[in-house]
Amino acid sequence: MKPSVTDHVDIHPYKRPTGGWGSLTSLIRKAASEGLLASGIWSTLMRQNKSDGYMCVSCSWAKPADPRPFEFCENGAKATIWDQTKHRCGPEFFAMHPVNALLDWPDHDLEKQGRLVEPMRYNEVTDKYEPVSWETAFRDIGDELRKLDPKSVVFYTSGRASLEASFMYQLFARIYGSSNLPDSSNMCHESTSVGLPESIGSPVGTVQLEDFNHCDMMFFFGHNTGVTAPRLLHPIEEARQRGVPVITFNPLPERGLKRFKNPQSPVEMLSPGPGTKMSSDFYQVRGGGDIAAMTGIAKAVLALDDAALQAGAQRVLDTAFIAEHTHGFDEFETYLRRTPWDKIVERSGITRADLEHVGEIYSKATAVIGNYGMGLTQHRHGTENVHMLCNLLLMRGNIGKPGAGVSPLRGHSNVQGQRTVGISEKPELVPLDKLAEFYHFEPPREKGRDTVETCESVIDGSVKAFIGLGGNFVRAVPETGLVEEAWRHLRLHVEIATKLNRSHLLCGAVTYLLPCLSRIEKDVQASGEQHVSMEDSTACIHGSFGYRQPAGPHLLSEPKIVAELAKATVADRSSVPWDDWVADYSRIRDEIERCYPAHFKDFNNRFLTPGGFHRDIKASKRVWETSNKKANFKPPTMLETDPDINVSKPDVLTLITIRSNDQFNTTVYGYRDRLRGINGTRMVLLMNERDIARFGLSEGDEVDLETAADDGVERRVRGLRVTPYSIPAGNCAGYYPELNPLIPLWHRAEKAHVPAAKSVPVRLAARQAEQRRADRI
């Protein structure tokens, strides 16, 4: 693929706050580039995350019952603008461009062509996508599926599909006979879904939006809030204004948790000041050093409790909570006492004095929220990272009370909800007996393939077909080179999508593009205009109502497409009334309630309530649905989060993949990472200045990056610009998904199989001038 670079590269330190005029200027520029400056996009944005509007198509942060006038952030507005572009990618475009020529286009340029508007089938003879009728597409796909072993077919979902579409999709897959239902959470928060149940008995967090109003301290571990969940900056700002300490651990000094100027406040916008200081303390932990940092904090708290006990003062540990609600504290205490400070400091990169300072602040707080992102989950021992944060919170009873709890900050807008309604490769998480009883079929009972296992099976040839409900799977996964090469051997490849992306260009023997409505658009079925629903990262369910006219007359909704595929494939194999459900989505919600009564009681009457309704998360009420009915202290096996990767050699660095504030997941809106001061390119390698000098490099040099692994596979990304940045020595950083080819499939969380993208061992190779000239040509 050609490097993602523009004609002019400008890299300079960015010292302004997140938000402010920079956000507004960026949105105006983006609206102009999509032909929307004079359109109704601004009135559309006024309905974003409102009770009578639509749920944002990007992040999954909660929408409040009492919304702000502008209940959208910079990235959420970019997602809406990108989604509602005036540009169209129709048959005329595909007639002009062979698929193999499009493979050289950057991700940004592919999606920039606009909305897909007609169903298309790939013609191998012409190497072009050609228009096809919906009837033909459904019939042909059904014919192909019936010829295949269901166990060789994968049904993937990205995080955008509604609860209604997701429920229907998993039902279709199971009636067909496949348990292969991976989704995008396999690549990010599966460590949460595995780790939290072992610690507290819930696969999701316990914090609700109102808890941010009642906390008196927050932790942030491994989360770039200013890019991935900017609306969360508002409750953080409000907490800081009332004096709440916010303690942040992250290898990079991300601007969102440094300074914020609220675009919704005229006073702040007109003030010359630097905005609100968002983190009272910000520590640049070494990549993968979070277990060590949390161990140091916990060890400091234990020492303070020892001193209080000796002095006859009030205990620092919540001993009553520990005795009544937890199991395993003695083992955890032993771990803390035997772990030496020098090892903690060495691995975390944070001084003992600083960790003891954090422990003292924590010991005085009474309601603490522990927020975290993929900086904890995307490691070999990602589940142990999650356990360790729970351990820290349990020490002082900070789970299951107002203002306190564990808060995994999910990415995509309904990725958590999809798992709630059955999108899972794990049969124990799905009410299979109910599905069999209600819809008169026998679902498969074996475990299906997760995302990494899907990639392995595509490579070895045991997966024959892939159906994608949204997303850009091949760009999102690790081991991109091997996966792309093997992908072309699929018998069937079907993508349900709104825009063109690279995955669509990797054609199998039979390949279809099926364009769908966006959730922002009106969805009219036989009973009238339809609502859909989503679950946010705080486990609240919200309604979403399309507002704008569809991008084209031939688009179908996701539920309609799923229903037609099911009718073409498994029409006579269950009692599911597919047409009735599509005619009235409230009937789908009734079925979700019937299958999941504990979480969706009175679903149709509650989901349009302002602020949504909260799922029944037992751990938030101190009811622990673990095997022993207790919250469990689970000491880590070691301080190292990636123990089988040797980064001690002097030529090896630890790579951390990152996202810019001009992208969402694999969608790249542009080449202006304003918050890091990187403009005009994404092909950069952020390095500590000492490492740059140690390797004999200079700012602006071009290097190749290769994986430091001896497994017989060459993994290399070429032409990265050396860029000095504030990052711990021994670490380096570069953009996702451009650097995904460097991540081996086997480099994944041991229990959860999440790609360990925050700790990839790499080597540098300086580039010769001749090679640089050849690349430019």
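Between amide H atoms placed 1.01 Å from N, distances below 5 Å from S660 occur with no residue 5 or more places distant or on a separate chain.
Modelled spin-label separation between R146 and R694, with each label point placed 7 Å from Cα along the Cα-to-Cβ direction: 6.3 nm.
When DSSP assigns beta bridges and you keep just the ones with both residues in the chain, what percent turn out antiparallel, to the nearest 5? Counting only bridges with both partners in the chain, antiparallel ones make up about 45 percent. In the full protein context, the stretch 176-272 carries 25 Å² of accessible surface per residue, based on a 1.4 Å probe and ignoring ligands, DNA and RNA. Of the residues Y122, V132, G205, the one whose Cα sits farthest towards the positive end of the charge dipole of the stretch 79-206 is G205 (charges of +1 on Lys and Arg Cβ, -1 on Asp and Glu Cβ, taken about the Cα centre).
Distance distribution note for the stretch 229-369: the fraction of Cα pairs above 22 angstrom is 50%.
Projecting the Cα atoms of A619, C595, T637 onto the charge dipole of the stretch 573-640, computed from C-beta unit charges around the Cα centre, puts T637 farthest toward the positive end.
Between K86 and Q310, how high is the FRET efficiency from 1/(1 + (r/R0)^6) when r is the Cβ-Cβ distance and R₀ = 51 Å? Nearest 0.05.
Details: r = 71 Å, r/R0 = 1.39.
The computed FRET efficiency comes out at 0.10.
Net charge dipole, the stretch 1-108: roughly 300 debye, given to the nearest 20, about the Cα centre with Cβ charges of +1 for Lys and Arg and -1 for Asp and Glu. Computed from phi, the 3J(HN,Hα) profile of the stretch 481-488 under the Karplus parametrisation 6.51, -1.76, 1.60 (θ = phi - 60°) reads x, 5, 5, 4, 4, 6, 4, 5 Hz, with x in place of Gly and Pro.
Can you find, among T454, H97, T25, the residue farthest towards the positive end of the dipole of the chain? Put +1 on the C-beta of Lys and Arg, -1 on that of Asp and Glu. The listed residue farthest towards the positive side: T25.
Looking at the stretch 385-451, the trypsin sites (Lys or Arg not before Pro) that sit in a DSSP loop and have at most 15 other Cβ atoms within 10 Å of their own Cβ are R445, K447. Averaging the Cα positions of each part gives two centres, and for the stretch 473-547 and the stretch 648-703 these lie 29 Å apart.
Rounded to the nearest whole Å², what accessible area per residue is found for the stretch 1-142 with the 1.4 Å probe? Show your work: numbers first, answer last.
Working: 6160 Å² over 142 residues.
So the stretch 1-142 comes to 43 Å² accessible per residue, rounded to a whole number.
For G328, the shell of other residues with beta-carbons less than 10 Å away shows a net charge of -1, using +1 for Lys and Arg and -1 for Asp and Glu. Would you work out the relative contact order for the stretch 345-470, in percent, from Cα pairs under 8 angstrom that are 6 or more residues apart? Value for the stretch 345-470: 17 percent. Scalar couplings 3J(HN,Hα) for the stretch 126-132, obtained by applying the Karplus form with A = 6.51, B = -1.76, C = 1.60 to θ = phi - 60°, are 8, 6, 9, 7, 10, x, 8 Hz; x denotes Gly and Pro. Peptides 502-509, 622-629, 611-618, 704-711 ranked from most to least packed give 502-509, 611-618, 704-711, 622-629, packing being the mean of other C-beta atoms within 10 angstrom over each peptide's residues. Between beta-carbons, use under 11 Å as the cut-off and find the net charge around N679, counting Lys and Arg +1, Asp and Glu -1. That works out to +1. Based on alpha carbons, the Rg and Dmax found for the chain are 25.2, 84 Å. Shown is the FRET efficiency for T334 and R594, computed with R0 = 35 Å from the Cβ-Cβ distance and rounded to the nearest 0.05: 0.15. Packing around the peptides 516-525, 381-390, 318-327, 529-538, taken as the average count of other Cβ atoms within 10 Å per residue, puts them in this order, highest first: 381-390, 529-538, 516-525, 318-327. Overall, the anisotropy analysis places the stretch 562-693 in the prolate class: the square-rooted eigenvalues a ≥ b ≥ c of its C-alpha gyration tensor yield a/c not less than 1.5, with a/b exceeding b/c.
Tally Lys and Arg at +1 and Asp and Glu at -1 over the other residues with C-beta under 14 Å from the C-beta of V386: what net charge comes out?
Result for the neighbourhood of V386: 0.
Here the chain exposes an accessible surface that is 51 percent carbon and sulfur, computed with a 1.4 Å probe and the other protein chains kept in place. Distance between the C-alpha centers of the stretch 5-54 and the stretch 386-414? Whole Å please. So the two Cα centres are separated by 32 Å.
Close amide-amide hydrogen proximity is noted between L556 and L517, each under 5 Å apart and 5 or more residues distant or on a separate chain (H modeled in the peptide plane; Pro and chain starts excluded).
To the nearest Å, what is the center-to-center distance of the stretch 310-358 and the stretch 565-581, using C-alpha atoms only? When both Cα centres are located, 56 Å separates them. Note on D704 and Q241: the model spin-label points, each 7 Å out from Cα along the C-beta direction, lie 5.4 nm apart. Taking amide H as placed 1.01 Å from N in the peptide plane, the amide H of R748 sits under 5 Å from that of A756, each at least 5 places away or on another chain. In order along the stretch 433-449, the phi-based Karplus estimate (6.51 cos²θ - 1.76 cosθ + 1.60, θ = phi - 60°) of 3J(HN,Hα) comes to 5, 5, 4, 5, 5, 6, 10, 6, 8, 9, x, x, 10, 7, 5, x, 8 Hz; Gly and Pro are listed as x. Mind giving me the nanometre distance, one decimal, between the label points for R622 and K343, set 7 Å out from Cα along Cα→Cβ? Distance between the two pseudo-spin positions: 3.4 nm. Accessible surface area normalised per residue over the stretch 646-777 is 37 Å², counting heavy atoms of protein chains with a 1.4 Å rolling probe.
Descending by average beta-carbon neighbour count within 10 Å, the peptides 668-679, 275-286 line up as 668-679, 275-286, the highest first.
If each residue of separation counts as 0.36 nm, what is the full-extension length gain between W42 and T609 once their alpha-carbon separation is subtracted?
Computed gain between W42 and T609 is 201.7 nm.
Mean residue ellipticity at 222 nm, helices only, the chain: -9500 deg cm²/dmol; runs of at least 4 DSSP H residues each add -39,500 (n - 2.57), and the sum is divided by the number of residues.
Magnitude of the charge dipole for the chain, about its Cα centre and with charges confined to Cβ atoms of Lys, Arg (+1) and Asp, Glu (-1), is about 1420 debye.
The slack in the chain from K434 to R139, taken as 0.36 nm per residue of separation less the alpha-carbon distance, amounts to 103.2 nm.
What is the calculated FRET efficiency for A65 to T126, with r their C-beta to C-beta distance and R₀ = 45 Å, to the nearest 0.05?
My answer for the efficiency is 0.25.
The values are calculated or read from the model by the stated rules, or taken from the named source; none is laboratory data. Quick caveat: nothing in here was measured; it's all calculated off a predicted structure. We place every Cβ from the backbone using ideal geometry, glycine too, and count neighbours over all the protein chains shown. In case anyone asks, the SASA skips ligands and DNA or RNA and just uses the protein heavy atoms, side chains included. Shrake-Rupley method; radii C 1.70, N 1.55, O 1.52, S 1.80 Å.
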